[in-house]
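The structure appears below as structure tokens.
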Amino acid sequence: MPVDFSGRWVLESSENLEDYMKALNVDFATRKIATHLSQTKVIIQEGDKFVIKTLSTFRNYELSFTVSEEVQEHTRGLDNRLVKTVVTWDGDVLVCKQRGEKDNRGWKHWIEGEKLHLELFCEDVVCHQVFKKKE
């Protein structure tokens, strides 16, 4: 049975977010705002079906998917691109690959102890975020 990611997770730390957004060609003003925001992730998981909501005071984003099924994702409010997204399991790690205008784009989610880790990558830039479960 896969690991359960369900819950409400609050951002604790973020490394290299601005460089990651630069790799996506996110505009200067949005980058500056985003680097100062507190984020909450709400993850609803039923087996291999997921809804991941990223919430902040500036902008919210939601992605729904079933593991191993490709979906077309519009990254509205982020870098505003259409990408083909597929998420798979690699052990207990969720691995997302996004095909579109940018190479080597996607993310990974995993849990260590009471922390949810998110690695965002685009081209050769990696951002690492850590979230703590909110009770």
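Stokes-Einstein at 10 °C, 1.306 mPa s, Kirkwood radius from Cα pairs: D for the range 74-129 in µm² s⁻¹? It diffuses with D of about 132 µm²/s by this estimate.
For residue 115, the aspartates and glutamates whose Cα comes closer than 13 Å to its Cα, not counting residues fewer than 8 places off in the same chain, are 4, 12, 135. Computed on the range 39-85, the Cα convex hull volume stands at 58 Å³ per residue.
Fully extending the segment from residue 97 to residue 8 would add 29.7 nm, taking 0.36 nm per residue of separation and subtracting the current Cα-Cα distance.
Here the dipole of the chain is about 480 debye; that uses its Cα centre as origin and unit charges on the Cβ of Lys and Arg (positive) and Asp and Glu (negative). Considering only 22, 108, 97, the mean-square fluctuation computed in a Gaussian network model of the chain, springs between alpha carbons under 10 angstrom, is largest for 22.
Over the Cα atoms of the range 1-76, the radius of gyration divided by the Kirkwood radius equals 1.00; this is the Rg/Rh ratio.
Largest mean-square fluctuation among 62, 114, 18, in a Gaussian network model of the chain whose springs join Cα atoms under 10 Å apart, belongs to 114.
Solvent-accessible area per residue in the chain equals 56 Å², computed with a 1.4 angstrom probe and all protein chains kept. In whole angstrom, the chain maps to an equivalent ellipsoid with semi-axes of 22, 18, 14, each derived as √(5λ) from the alpha carbon gyration tensor and ordered largest first.
At a 1.4 Å probe, what is the % contribution of carbon and sulfur to the accessible area of the chain?
Of all accessible area on the chain, carbon and sulfur atoms account for 49 percent.
The values are calculated or read from the model by the stated rules, or taken from the named source; none is laboratory data. These numbers come from a predicted model, not from an experiment. Cβ sites come from the backbone with ideal geometry, for glycine too, and all protein chains shown count toward neighbours. Just the protein is used for accessible areas: all its heavy atoms, side chains included, with ligands, DNA and RNA removed. Shrake-Rupley method; radii C 1.70, N 1.55, O 1.52, S 1.80 Å.
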